[in-house]
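Here is the structure we will look at, set down as structure tokens.
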Amino acid sequence: MARWRRQGDRPADLWSGIRQGAALRDEYEATGNATLLDRSVEILHATAMAARSDAEALVAALGGLGLSLRARARINSGAASGQDLAAAVAAHEEAYRLVPRDSQHRAGNAGNLAGTLRQRWSTAGNIADLDRSLELYREAVATMRPGSAYVADAYTNLANGLSDRFDARGGRRDLDNAVAAALAGVQATPADSR
């Protein structure tokens, strides 16, 4: 079983792999070069496998892997896209399961899993994925640390998910809740960012 380690106990190569995988994903986002995204997936997968005894590094590697797989699923089609989304959900599920409830990273992991489930819903149409994503978005909003720079994003994600469910089901309550979440997101946005 992986355990949480003190800062000084962490092997540098694990965190180097996590940073490199994230940097390659960022570079892909800037350039559109899919080879960079494939390399990100390879590095983060290898890092996650090597991090099995370090829970915090494992959560970070799995979270990054899930994000890279989710990005790759957006550019792939057919079976490859479905496989990447399934692997992204699995990576985010494991990261979410491993992160302690009182961790400052809990909200981010809930949001990552929610986003991947919502993307899978948008491609496969399983409403259970959308319903679960809304539960996780609500958790992300509820557990976000006050003053976090991501509070507005968490509310926006919740509003968008509720809007998607309104479009899918037509429930007025979802529309009202989407508007309320969007307004909360605007209120949580720092004044100098509006």
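The values are calculated or read from the model by the stated rules, or taken from the named source; none is laboratory data. Everything quoted here is computed from the prediction, not taken from an experiment. We place every Cβ from the backbone using ideal geometry, glycine too, and count neighbours over all the protein chains shown. The accessibility values were calculated without ligands, DNA or RNA, using every heavy atom of the protein model including side chains. Shrake-Rupley method; radii C 1.70, N 1.55, O 1.52, S 1.80 Å.
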Next on the checklist: Can you pull out every residue in the range 141-159 that is in a helix (DSSP H, G or I) and among the aromatic types (Phe, Trp, Tyr)?
Outcome noted: Tyr155
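Residues checked against (1) among the charged types (D, E, K, R); (2) closer than 27 Å to Ser133 by Cβ:
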{"site": "Asp38", "(1), (2)": "yes, yes"}
{"site": "Asp54", "(1), (2)": "yes, no"}
{"site": "Leu62", "(1), (2)": "no, yes"}
{"site": "Arg74", "(1), (2)": "yes, yes"}
{"site": "Ala79", "(1), (2)": "no, yes"}
{"site": "Gln83", "(1), (2)": "no, yes"}
{"site": "Ala87", "(1), (2)": "no, yes"}
Next on the checklist: Need pairs with beta-carbon distance below 6 Å; first residue within 15 Å of Ser122 (Cα to Cα) and within the range 71-97, second β-branched (Val, Ile, Thr); sequence gap 6+ or separate chains.
Outcome noted: Ala88/Thr116; Val89/Thr116
Checklist entry - Does the range 79-91 include one or more residues that are more than 13 Å from the chain's Cα centre (by Cα), surrounded by fewer than 22 Cβ atoms within 10 Å (Cβ to Cβ) and among the β-branched types (Val, Ile, Thr)? => result no
Item to check | Residues of the range 117-133 satisfying the condition of being open to solvent by less than 40 Å² (accessible area, probe 1.4 Å) and under 13 Å from the mean Cα position of the chain (by Cα) | outcome: Leu117, Gln119, Ser133
Checklist entry - Quick one: what pairs do we get from the range 101-112, first residue open to solvent by less than 40 Å² (accessible area, probe 1.4 Å), second at pLDDT below 95 and among the hydroxyl-bearing types (Ser, Thr, Tyr), C-beta under 6 Å, 6+ apart or different chains? => result Arg106/Thr143; Ala107/Thr143
